[in-house]
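Each remark here refers to the structure printed beneath this line.
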Amino acid sequence: MNKLKEFKEIVLNLIKLSLPILGGNISHILVSFADNAVAGRYSTLALGSISVASAIVMTVTIGAIGLILSVSPVISNLRGKNEPAKKYFKLTVLFSILISIPFFLILLGINNCINFIGLSPDMTPYVKEYISICSWTIFPAAIFVAIKEFLQAYEKVIFANVLMLLMVFLNLFLNIILTFGFKFGTYIIPELGVVGLSIATLISKTLITIFMLLYCLKLFKGTFEFSKNYIKDLIKTGVPISAAIFFEFLGFNLTAVLIGKFSALFAAVHNIILSIANCTFMIVLSIANAASIKIGFYNGKKDKQNIIKYSLANIFLVICVCIVSFLILGNFSEQIAKIFSTDSEVITLTQKIMIIAMTFLFFDGVQGACVGILKGLKDTKIIAFTMLTGYILIAIPLGMYLAYFKNIILEGFWMGLALALLFAAIVTSTKVIYNIKKM
């Protein structure tokens, strides 16, 4: 009974820690939703332009963000070792700025090549305008994530995620007044269209980052201290995470393009299933992030028992999320499909693919939970390998084979994705077991 009570407390601790993180993850989606909603109401051209432009900006920005996601496991490990880690706050902020510079230059380079991509001529100038302004958001975005990760390492997860929620409303407000224009007496803000959308994004991200900095400069007082070993640790842990995220983005984007070549129906259903999968994985990701903080702390202490306990609690919670998802998707597949479309053909095909997607979600959940454990253990090299092999060498080739040679198109590509995640789940779970046995 004592062990059961202890496990229950650990599970509740993870839930308590993961809920604010989940709120922050939801805020990201709401910001994107608001951008698309305002752009769509302004014009179809604006919506199409920012869809392309934001995809380019996000794909490059995620490279920098991936490197910075190493902050929380590294700092958690230092805390577990009872080493003073607060002194690295300013160095962490500087690291995020320096990391952002090459990715910012990549964005500028891509923007100069937009004319050669082959976009619709009416979209090209708007895409270029959006990227030229939003490319600057990489700096506040990177700084914000670095500070958020630093706070998470100290299990301070509420302030940053509340700020992210406030950003949703600030971004929506700025989107409306800058896109459509605003008049208050003699004061007039001109209608800026797509440019207004990009300025709104830059302002909202910059403001919440300034608030974060002001809050944390008081919280983490102290002089700047440079540590070569700390920077090495961040890079060693962060590079595989960044590479893994890149391969995952690349895999899904290539799959979407390949599916879109067959028909708009397949592309629409693919996007619906992907949206549903993202909602479930967001919860898994929040739990895994919370687990990586706890496991990182106990890894620093070399406390094998608590590492095992939090690892099991992490996997238990993720499996519970998957079971609940199965029950909802299995019993309400038609109703869920109708949220996205009224087309009977889309609804029928979505229900059919959802069965495969449920398998995908389970494997994705297991590998997501294991990635959280490996982050806490600072053993992230295997993550990049699994994403490269899973998405680029398994999912896409298998999907193309089934689609082009067996005429199993949408089902074929999702079978490939499910098999890729099965591979990732097997490899990462094996690595977790090996690491814990080796302690």
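The values are calculated or read from the model by the stated rules, or taken from the named source; none is laboratory data. These figures come from a predicted structure and were not determined experimentally. Glycine gets a Cβ as well: all are built from the backbone with ideal geometry, and neighbour counts include every protein chain shown.
When the residues of the stretch 44-60 are filtered to those that are modelled with pLDDT of 80 or more and among the hydroxyl-bearing types (Ser, Thr, Tyr), the one that is farthest from the chain's Cα centre (by Cα) is SER49.
Would you check if there is a residue in the stretch 161-177 being in the same structural domain as GLY48 (by TED's automatic domain parsing), more than 20 Å from ILE99 (Cα to Cα) and assigned to a loop (DSSP other than H, G, I, E, B)? Checking the stretch 161-177: not a single residue is in the same structural domain as GLY48 (by TED's automatic domain parsing), more than 20 Å from ILE99 (Cα to Cα) and assigned to a loop (DSSP other than H, G, I, E, B).
In the set (1) buried (at least 16 other Cβ atoms within 10 Å of the Cβ); (2) within 29 Å of LYS86 (Cα to Cα), ILE210 fails one condition alone, (1).
Does PHE150 satisfy being within 29 Å of the chain's Cα centre (by Cα) and either surrounded by fewer than 19 Cβ atoms within 10 Å (Cβ to Cβ) or not in a helix (DSSP H, G or I) (or both)? Spelling it out, it is not the case that PHE150 is within 29 Å of the chain's Cα centre (by Cα) and either surrounded by fewer than 19 Cβ atoms within 10 Å (Cβ to Cβ) or not in a helix (DSSP H, G or I) (or both). Figure legend. Inter-residue proximity from the stretch 363-381: first residues in contact (Cβ under 8 Å) with a residue 40 or more places away in the chain and surrounded by 22 or more Cβ atoms within 10 Å (Cβ to Cβ), second residues of a type in the set (S, T, N, Q) and not in a helix (DSSP H, G or I), beta-carbon distance below 9 Å, spacing 6+ or different chains. Indicated pairs: VAL371/THR380; LEU374/THR380; LYS375/SER70; THR380/SER70. Criterion first (modelled with pLDDT of 95 or more, in contact with a helix residue (DSSP H, G or I) (Cβ under 8 Å, 6 or more places away or on another chain) and assigned to a helix (DSSP H, G or I)) does PHE360 satisfy it? When the stated conditions are applied, PHE360 does not pass them.
Filter the stretch 26-60 down to the residues that are under 26 Å from VAL257 (Cβ atoms) and among the polar types (S, T, N, Q), then identify the one that is surrounded by the most Cβ atoms within 10 Å (Cβ to Cβ). So, considering only residues that are under 26 Å from VAL257 (Cβ atoms) and among the polar types (S, T, N, Q), the one surrounded by the most Cβ atoms within 10 Å (Cβ to Cβ) is SER49. Where helices (runs of 4 or more DSSP H) fall wholly inside the stretch 219-335, the ranges with 2 or more residues that are modelled with pLDDT under 85 are 228-260, 264-300. Taking the criterion of being closer than 27 Å to THR428 by Cβ and charged (D, E, K, R), the residues of the stretch 202-260 that qualify are LYS232, ASP233, LYS236, GLU248.
Residue-wise test of (1) of a type in the set (Asp, Glu); (2) within 23 Å of LEU22 (Cβ to Cβ); (3) in contact with a Ser or Thr (Cβ under 7 Å, 6 or more places away or on another chain).
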site: ILE295; (1), (2), (3): no, yes, yes
site: GLN305; (1), (2), (3): no, no, no
site: CYS320; (1), (2), (3): no, yes, no
site: PHE326; (1), (2), (3): no, yes, no
site: PHE332; (1), (2), (3): no, yes, no
site: LYS338; (1), (2), (3): no, no, no
site: THR348; (1), (2), (3): no, no, no
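When the residues of the stretch 191-207 are filtered to those that are of a type in the set (A, V, I, L, M) and at pLDDT below 90, the one that is surrounded by the fewest Cβ atoms within 10 Å (Cβ to Cβ) is LEU192.
Is it the case that TYR187 is within 18 Å of ILE56 (Cβ to Cβ) and among the hydroxyl-bearing types (Ser, Thr, Tyr)? In short, no. In summary, ILE283 fulfils each of the numbered conditions (1) within 17 Å of GLN367 (Cβ to Cβ); (2) surrounded by fewer than 19 Cβ atoms within 10 Å (Cβ to Cβ) with the single exception of condition (2).
Just checking, how many residues over the stretch 378-405 are within 30 Å of LYS81 (Cβ to Cβ) and part of a helix (DSSP H, G or I)?
Just the residues of the stretch 378-405 that are within 30 Å of LYS81 (Cβ to Cβ), to begin with: 378-387.
Add one more test, that the residue is part of a helix (DSSP H, G or I), and what stays is 381-387.
Looking only at that region, the number is 7.
Would you be able to say whether some residue in the stretch 286-294 is surrounded by fewer than 24 Cβ atoms within 10 Å (Cβ to Cβ) and not assigned by TED's automatic domain parsing to the domain that holds VAL74? No: zero hits.
Here's a check for you: in the stretch 387-439, which residue that is out of contact with any Leu (no Cβ under 9 Å at 6 or more places or on another chain) and among the β-branched types (Val, Ile, Thr) is nearest to GLY260 (Cα to Cα)? My answer is THR389.
Annotation: of all residues in the stretch 402-439 being buried (at least 21 other Cβ atoms within 10 Å of the Cβ) and among the aromatic types (Phe, Trp, Tyr), the one that is farthest from the chain's Cα centre (by Cα) is PHE413. Just to be sure before I move on: is LEU14 without any contact (Cβ under 8 Å) to a residue 12 or more places away in the chain and in contact with a helix residue (DSSP H, G or I) (Cβ under 9 Å, 6 or more places away or on another chain) in the structure I sent? Judged against the criteria, LEU14 is not a match.
Of ILE50, ILE56, ILE65, which residue is assigned to a helix (DSSP H, G or I), under 20 Å from LYS156 (Cα atoms) and in contact (Cβ under 8 Å) with a residue 24 or more places away in the chain?
The match here is ILE65.
Give me the residue from the stretch 68-86 that is in a helix (DSSP H, G or I) and among the hydrophobic types (A, V, I, L, M, F, W, C) and, out of that set, nearest to THR201 (Cα to Cα). Top of the filtered list is ILE68.
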